[in-house]
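The values are calculated or read from the model by the stated rules, or taken from the named source; none is laboratory data. From a predicted model like this one, the values you see are computed outputs, not experimental measurements. All Cβ positions, glycine included, derive from the backbone under ideal geometry; neighbour counts span all protein chains shown. Surface areas here come from the heavy atoms of the whole protein model, side chains and all, with no ligands, DNA or RNA. Shrake-Rupley method; radii C 1.70, N 1.55, O 1.52, S 1.80 Å.
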Amino acid sequence: MVPPESPNLKKIVAEAAVNHYVKDGMAVGLGTGSTAEYAVRRVGELVASGYELTCVATSLRTEKLAVEAGVKVSDLSDVDHLDVTIDGADEVDPDLQLIKGLGGALLREKIVAAATVREIIIVDESKLVQKLGTKSPLPVEVIRFGHARTKYAVERQGCKATIRATDGKPFVTDGGNYVYDCAFESIENPFFLESRLDVIPGVVENGLFLNTAYAVLSADREGIVTRIERGGVREILKP
Ligand code: 5RP
């Protein structure tokens, strides 16, 4: 017997988010990563159907994908604000605090999120954790100059930091920086940790996205999407 095909959770949750939150005429932030890619493609379908959207990309990779999907991409500096941004995450805790950046776009993602009225996070349920730092390392973007010294200052915050590399060479972000992936046993106080990381010379940005998510949409293994809003609304979205 052929086993039933498992649902594509990333596609399901991404399309549910675009269908629920993106309206004609909006300014929309386009996230980065394998889940956000499906949202970009769905935005492309809306544009093809006649929606007029102003879109800003959170990475060069997303910008390329958006253009391929027929979506014109604007510069964030030319936009007053974004009504909604749809982006992925690496971990989501019960207070909707996040770790992002395994896709390497944390700096632009944080700048775009700060310009956004409603930041919508799309994940499958494997990303839901009780405490941040328990499944995913925390990405920290650093200036290349003196990066090994910056690493020591980061490690003093209680983690083991490993430079991100591809094919034996350090991964370079869209901003021209390196990323250290910082393994914690768990992050007990994300706000305190963020305040410590923010003052280390050489640290450009960290992957803690605190009080940033307006809502998280999460798909369970059957493909049922639950929407959790910061204000307490919790509902199952109809497919
Ligand atoms: C990129 C990100 C991504 O949103 C995050 O890594 C999740 O990616 P994916 O949907 O591929 O699991 O923060 O910087």
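Take Val216 and tell me if it is out of contact with any Asp or Glu (no Cβ under 8 Å at 6 or more places or on another chain), aliphatic (A, V, I, L, M) and open to solvent by 50 Å² or more (accessible area, probe 1.4 Å). Against the criterion (out of contact with any Asp or Glu (no Cβ under 8 Å at 6 or more places or on another chain), aliphatic (A, V, I, L, M) and open to solvent by 50 Å² or more (accessible area, probe 1.4 Å)), Val216 does not qualify. For Ala39, the stated conditions do not hold, so it cannot be described as among the hydrophobic types (A, V, I, L, M, F, W, C), surrounded by fewer than 20 Cβ atoms within 10 Å (Cβ to Cβ) and under 22 Å from Pro239 (Cβ atoms). Residue check: Thr162 meets all listed conditions (1) within 16 Å of the ligand (Cβ to nearest atom); (2) in a strand (DSSP E or B); (3) of a type in the set (Ser, Thr, Tyr) but one, namely (1).
Within region 135-154, residues that are farther than 11 Å from Leu197 by Cβ and touching a residue at least 24 places away in the same chain (Cβ under 8 Å) reach partners that are of a type in the set (Ser, Thr, Tyr) and open to solvent by 50 Å² or more (accessible area, probe 1.4 Å) with beta carbons closer than 8 Å, at six or more positions or on different chains, in the pairs Pro137/Thr162.
Scanning region 64-92 for residues that are out of contact with any helix residue (DSSP H, G or I) (no Cβ under 8 Å at 6 or more places or on another chain) and within 16 Å of the ligand (Cβ to nearest atom) yields a count of 1.
Selection of region 107-143 for residues being outside any strand (DSSP E or B), over 24 Å from Leu53 (Cβ atoms) and near the ligand (Cβ under 10 Å from one of its atoms) yields Ser126, Lys127, Ser136. Within region 13-32, the set of residues being assigned to a loop (DSSP other than H, G, I, E, B) and within 16 Å of the ligand (Cβ to nearest atom) comprises Gly31, Thr32.
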